[in-house]
Every structure is written in structure tokens, then in C-alpha cells.
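For reference, the structure discussed in these notes is given below.
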Amino acid sequence: MVDLKGQYEQIKERIDSSILNVVESTAFINGPEVHSFQKELEDYLDVKHVIPCANGTDALQITMMGLGLQPGDEVITADFTFAATVEVIALLQLTPVLVDVEPDSFNIDPEAIKRAITPKTKAIVPVHLFGQSANMDAIMAIAKEHNLYVIEDNAQGIGGNYHSKDGSTSKTGTIGHVASTSFFPSKNLGCYGDGGAIFTNDDDLAHTIRGIVNHGMYQRYHHDVIGVNSRLDSIQATILRVKLTNLDRYNNARREAAKKYTVAFANQKHISTPVIIDKEDTHVFHQYTLRIIDIDRDALVKHLNDNGIPCGVYYPIPLHSQKAYLDKRYNEADFPVTNQLVKEVISLPMHTELDNEQIDFITKTVIDFVNQ
Ligand SMILES: Cc1ncc(COP(=O)(O)O)c(C=O)c1O
């Protein structure tokens, strides 16, 4: 699905010397590389605060701790996303409220959010799924009306833009009150291990969160709040500094590959290609995800694997049907889109090193199968 080796070969010299510098400096934890990466990512995103941490799941959890959400508070998020988003809500004894997504963008449906709001609702977590921005204008308007926090889960969307109706353009992850991201190796900005970060323009929240990631300390050995130990290490930070300089190029390479896939699949009645809701720069194609119509999707998965083509089904089960998150309040009729998507979606290889020959082979293999 990804070609991390091919990407590494392109930046090997810079990566190797950066890692060696960290090893020689022995500043493995909270060293200058972490600080420099933080500043460079703040500049790139045009956000006041980036707080690095150990992974994207921690980033979500720490964000919710930082906002002071309390057991029983309801947090609305998408039914069609990676489990990390709902997992931390449940872990903190908040009440997850899963809602359906839109059939074209696969992102949380603002109308479904409106229907799910109760007096206990405290936050909305939109996920910029597969790299495309959620409808932030609508979500921010709902949040304002009901006095809710918006936590953007930007694990799949880093580097993408959002164009607001007011004419402004912002990077995803800088629009809500706070955002989380993941630097898992296969992410658009991925390190060589685990990593994550939190972004916010709120000075007080940033201060609170900086203490939470470090055992609740604002002054050494003074533990003012309950915290966690969640750090990005210096080796990951130095790798991310190199890769951040390439992020726009990487995202453009993904968009180019996506365009080629979409051209090749045009006019195929059994294939629905990804819909870019706004301008091209609002999608960074973390995944290139098709809907397979009236054909056995799982048979296609097998056929691709038999032909040496990796593919993924993100995601095969709606979160509301996962054993860990079953809840009597959910009604199947409230999830028509997610229930359909889980049967139809298939994600094709998507990375920065895809060449025309690979794309031709993949598209031909898919097209031959769906038309047989
Ligand atoms: C939407 C989403 N949220 C959160 C995460 C969690 O990130 P991590 O694996 O770094 O904990 C992921 C990672 O796959 C993700 O895709």
C-alpha cells in the first residue's frame, strides 16, 4: 500500500546524517530537534501552538483531557473512521455518539451531527477522512450555536487546505478549537516509528496540554493536574523535519497518482471514484478509496491480492457495530451510508513513489475483474 523504502532512498543522505547527529548529541528526549520541528510545523500550518506527543491516539486523548471533558459528557464523531477516534472518548468515560457520514466525501454529515445534539453534548470530532477536509464551515456553525468544542482529527489530512465560505484558506487542523494528528510511518507526514501532535491557537489550552503530556507538570516535580507521559523522541523529530520540507511535494505526488487512477476508471459503471468536494488542494489522498458497485468487493480484494496488488478495506465494520462500542441507543436506520460504504469501499495503493507502470497494471487488473 505504501513504498516507504522507495521514499527513504530519495532522502537517505539527509535522513541518515540527521539521525547520526541526534545519536552523537545524545539529546534523545525533548532535545533541540523536537523544538525545531515544533516551530517548523507551527510555521507550515500557520498555527500558534504545536505540541508534539507519542502518537495520534494519545494526541486525541490528551486533547480531550486538556478541554476538561468529564465522564458522561457526550462527544459526537463519525461512525466511519479508524477506531482510535472513538476509543479515547470511551476510555475517558465520555459518551461516544456515533453519527453517519456523507456518501460522497465519506466525512461526518453535519445534518446527522445536528440530530445527535443533546444538552449533554460537549464536543464534535470531525475526521478529515482519507485526506479530505470535512465540512468545517457547517461544523463550526453548529458548534457555535450549541457552544461545543471542535476537535479536528487530522491524522489523515495533514497538509490539506480548507477554503471557507468567508474567503479564507486554512490548513486542516487549524480551524477547530484544537486538532490532533499522527506521524505513523504510512501517514502523509510519517516518521520511522510512532509520533503525533496537537495543534491549537488557544494559548491557555496549549499551556494546559503542555503540562498534561509531561505528567501534569508545569514546574519540575510539581504535579498540578493528572497527566500522561507522551513524547515525540528526537530521532523521530529529526526525520520529520526532513520530511516536512517535502510534504507539499509528497501531497502533490499523491494527487497526481489519484488523478491518473480517476482518469483510468472514468465511465466504469461498477466503480465510483473519490469525489473531491472543493478545490484539489483540499484533498491530500491519504487513501485512494473506490466504491465498488454491484460487484462482490471481497472477491475483488482477493483477486488483487492474488495478482500481487496490495489493497485495503478501510473500514470493514461500522464503529457502531464493533463489539467494544455497541450501544442500545443506536438505531441501524441512522447509519444508511456507513452501512453501505463498509460493503463497497476498497483502497488502492497510494504513496509518493507510484509510477505509471504500476498505476496501469493496478487499474487494468481492477477494470478487467469488474467487467468479467
Ligand atoms: C483517523 C485516525 N485517527 C487517529 C489515528 C491514531 O494514530 P496513531 O496510530 O498514531 O495512534 C489514526 C491512525 O491510523 C487515524 O487514522
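A few remarks follow.
- Search result, residues across the stretch 116-140 that are touching a residue at least 60 places away in the same chain (Cβ under 8 Å) and either among the hydroxyl-bearing types (Ser, Thr, Tyr) or outside the structural domain of Asn154 (by TED's automatic domain parsing) (or both): Ser133
- Residue that is modelled with pLDDT under 95, small (Gly, Ala, Ser) and open to solvent by less than 40 Å² (accessible area, probe 1.4 Å), where the choices are Gly56, Gly6, Gly66: Gly6
- The lone exception for Lys302 - which of (1) part of a loop (DSSP other than H, G, I, E, B); (2) open to solvent by 60 Å² or more (accessible area, probe 1.4 Å) it fails: (1)
- Qualifying residue in the stretch 321-337 (condition: outside the structural domain of Ala78 (by TED's automatic domain parsing) and under 26 Å from Arg255 (Cβ atoms)): yes
- Count of the stretch 312-343 residues which are within 30 Å of Gly6 (Cα to Cα) and buried (at least 19 other Cβ atoms within 10 Å of the Cβ): 2
- Residue in the stretch 343-351 that is modelled with pLDDT of 95 or more and over 25 Å from the mean Cα position of the chain (by Cα) present: no
- Helices (runs of 4 or more DSSP H) wholly inside the stretch 51-157 that include at least 2 residues being more than 13 Å from the ligand (Cβ to nearest atom): 56-66, 110-116, 136-146
- Scanning the stretch 202-210 turns up one or more residues that are of a type in the set (D, E, K, R), within 13 Å of Ile62 (Cα to Cα) and more than 19 Å from the chain's Cα centre (by Cα).
- Pairs are defined by a Cβ separation below 7 Å, a sequence spacing of at least 6 or placement on different chains, a first member in the stretch 338-365 that is more than 15 Å from Thr273 (Cα to Cα), and a second member that is modelled with pLDDT under 95 and open to solvent by 30 Å² or more (accessible area, probe 1.4 Å); the pairs so defined are His351/Val2; His351/Asp3; Glu353/Asp3.
- Residue list for the stretch 319-333, restricted to those being touching a helix residue (DSSP H, G or I) at 6+ places or on another chain (Cβ under 6 Å) and in a helix (DSSP H, G or I): Leu319, Tyr325
- Among the residues of the stretch 171-186, just one is buried (at least 22 other Cβ atoms within 10 Å of the Cβ), assigned to a loop (DSSP other than H, G, I, E, B) and near the ligand (Cβ under 10 Å from one of its atoms), namely Phe183.
- Residue match in the stretch 154-162 (condition: on the phi < 0 side of the Ramachandran plot, surrounded by fewer than 24 Cβ atoms within 10 Å (Cβ to Cβ) and over 18 Å from the mean Cα position of the chain (by Cα)): no
- Taking the stretch 293-308 as the range and being in contact (Cβ under 8 Å) with a residue 24 or more places away in the chain and within 25 Å of Glu353 (Cα to Cα) as the test, the residues that pass are Leu300, Val301, His303, Leu304, Asn307.
The values are calculated or read from the model by the stated rules, or taken from the named source; none is laboratory data. Just so it is clear, the model here is predicted, and its values are computed rather than measured. Cβ coordinates were reconstructed from backbone atoms using ideal geometry, including for glycine residues, and neighbour counts include every protein chain displayed. To get the accessible areas, we keep the full protein, side chains included, count just its heavy atoms, and leave off ligands, DNA and RNA. Shrake-Rupley method; radii C 1.70, N 1.55, O 1.52, S 1.80 Å.
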